[in-house]
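No value in this document is a laboratory result; all are computed from the given coordinates. Note that the structure is a prediction, hence the values are computed from the model and not measured.
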Amino acid sequence: MSTAPVTLMVARRVSSGRYRDFMTWLDEGRELAADFGGYLGSGVLAPPPGDDEYQIIFRFSDAGTLAIWEHSASRRAWLERGHDLFEAPHEHRATGLDSWFRDAQGNTPPRWKQAVAIWLAFFPVSLIFQFLFGPLLAVLPLVPRVLVSTLCLTPVMVFLFIPLSTRLLAPWLHGQVSLSRLSRRFHSRRA
């Protein structure tokens, strides 16, 4: 068994007209997972405009603790209660940093592209955090100030913004499109 943290990424398309029930069911599942040993957290990424596939992320301390949760009677009952709320379920397990970047064929982009994707997620979030909380934290000595900011930012980055960045940048990360073309495509969607 792996001793590295393991992430279970689940993609679900919401059944027509069932959005509210689906979100309630998801919250129930996240609360259920939190009761299991080794649970590190979870998150939900809403689909981009024009799509209806939600990405649900569950993170556990290792493969063994994930397996206990996955094969539990309570998780099976939860999945059964939600069977008519979603379509086309798809699951993927990942360990380590490369797991954020691995495509469906198991390929990972070059490290420099991974670094760019992480920086593009981290810079704006860090800037906003410093703008909002920097003055409050400025009274603290350096070590507690950095401790508080990293304690706040790390979970937000790991469970929300880095997965979002890698999802939005996937065509560029895997060489399917240039960064300038991806930028033009992004700006045309916003217009």
| field | Rg followed by Dmax, in Å, when segment 14-54 is reduced to its Cα trace | value | 12.2, 37
| said: Kirkwood Rh over alpha-carbon pairs of segment 6-95, then Stokes-Einstein at 25 °C and 0.890 mPa s: what D in µm² s⁻¹, rounded to an integer? | reply: 184 µm²/s
